[in-house]
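Enquirer: Submitted below is the structure of interest, expressed as structure tokens.
The values are calculated or read from the model by the stated rules, or taken from the named source; none is laboratory data. Computed from a predicted structure; not experimentally measured. Please note: Cβ atoms are built from the backbone with ideal geometry, for glycine as well, and neighbour counts cover all protein chains shown. Note: areas computed on protein heavy atoms with side chains; ligands, DNA, RNA excluded. Shrake-Rupley method; radii C 1.70, N 1.55, O 1.52, S 1.80 Å.
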Amino acid sequence: MEERENNVQHFLNLIKKSRQGKFKVYIGMIAGVGKTYRMLQEAHILQENGIDIKIGYIETHGRKETAAQLEGLPIISRRKIFYKGKELEELDVQTILNLHPEIVIIDELAHTNIEGSKNEKRWQDVLEILEAGINVISAVNVQHIESLNEEVKRITGIEVAERIPDRIITMADEVVNIDLTAEDLISRLKEGKIYPTDKIHSALTNFFKSEHILRLRELALKEVASHVVRKADSEAPNATPSKHMTFMACIGSNGKKANNIIRKTARQAGYYNGEWYVLYVQRPQESLDKIALDSQRKLINSFKLAVELGGQVIQVKHTSIPKAIVEQAIKMNVSTVCIGMPHLHWFRMVLQTRPMNELLKTLKAEGIDLIILS
């Protein structure tokens, strides 16, 4: 209990440092670890300390223990929307802005708002509230972090549709991991504390397999650890300035491969707190009148993903991809170039050897590192 109160006190100290709202995020490895429960526990402690705290949006998922924690906390009514003949509820951003509490609790950070809402995503609502000087406590599961999308899919076989840009975690003033062992989590699931009885079997055979939980737990721990390292490096007094890292992801029009390179480069840049770019080299055979519409759409979606993750897109026309990469890397003062693993027939590989060797030699001469991403 004392440790939890110290944790809350640390967040209170952060609040006083700026007019911009402070942002605290609870990260879990999977549903049911207790993120919402812990947020509500914190809300009670803050309220007892005389803080004007309100519940903006909480999703209990029918869990009795979580619902019980709502008692005694001031709740802001949700905005009601009629959509496709049904009355649905959303976070009422305008009411929160009007009431202007010191702290507001907003659950389900990765949630997609109902069509017609001011913002497409709840994390965009949160940014608007923070900009108004209101402090926010929120929660998200690690599988909803954009750059981890491919890795989560490899682990679970499931592609998570609702995701948040990595920069939302990076900008948080405090990130707290809510951790449970796989055994404890599965026990909670079997006891009906996470999902209704009719959904337990399906959960056990999908996300809640023990090996999946362990891998997701590792991702969550790494995410929080890297955030702590970044904060320590940026805030420690008299700290030795770290080497400035600038990354450049080189992509083609293959959407799936391009997005994988973008996500991995974004994670690298995030870890080193560096800038990053996405380079697309348009060769003559890929001009707009020659490239397939499907490839054009994939490319546009890749550019959109890069911008959402905090990258800057560079498009150039060139007859040689290696030469274009070198030119842009030097021009943008890039420290690390990231490319995808080549998947070429051996004969084409031979044809590509000379340009590739020239690329490697030039990058080495310029002191630019090259990362080949799988």
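Enquirer: Which condition breaks for ALA161 when tested against (1) open to solvent by 40 Å² or more (accessible area, probe 1.4 Å); (2) part of a helix (DSSP H, G or I)?
Expert: Every condition holds for ALA161 apart from (2).
Enquirer: Going through GLU42, GLU71, GLU65 one at a time, which residue ends up being under 30 Å from ASP184 (Cβ atoms), more than 24 Å from the chain's Cα centre (by Cα), modelled with pLDDT of 95 or more and among the charged types (D, E, K, R)?
Expert: Exactly one of GLU42, GLU71, GLU65 is under 30 Å from ASP184 (Cβ atoms), more than 24 Å from the chain's Cα centre (by Cα), modelled with pLDDT of 95 or more and among the charged types (D, E, K, R), namely GLU71.
Enquirer: Return the only residue of SER187, SER226 being modelled with pLDDT of 90 or more and either part of a loop (DSSP other than H, G, I, E, B) or of a type in the set (Ser, Thr, Tyr) (or both).
Expert: SER187
Enquirer: Among the residues of segment 281-330, count how many are in a strand (DSSP E or B) and more than 15 Å from PHE247 (Cβ to Cβ). Walk me through how you get there before you give the answer.
Expert: Within segment 281-330, the subset in a strand (DSSP E or B) is 281-282, 312-317.
Next cut, more than 15 Å from PHE247 (Cβ to Cβ) only: 281-282, 315-317.
Number satisfying all stated conditions: 5.
Enquirer: Are any residues in segment 298-322 touching a residue at least 12 places away in the same chain (Cβ under 8 Å) and open to solvent by 80 Å² or more (accessible area, probe 1.4 Å), and if so, which ones?
Expert: Listed by number, the residues that qualify are LYS298, ASN301, GLN312, GLN315, LYS317, THR319.
Enquirer: Could you check segment 353-371 and list, in sequence order, the residues that are exposed (fewer than 11 other Cβ atoms within 10 Å of the Cβ) and part of a helix (DSSP H, G or I)?
Expert: Passing the criteria: THR353, ARG354, ALA365.
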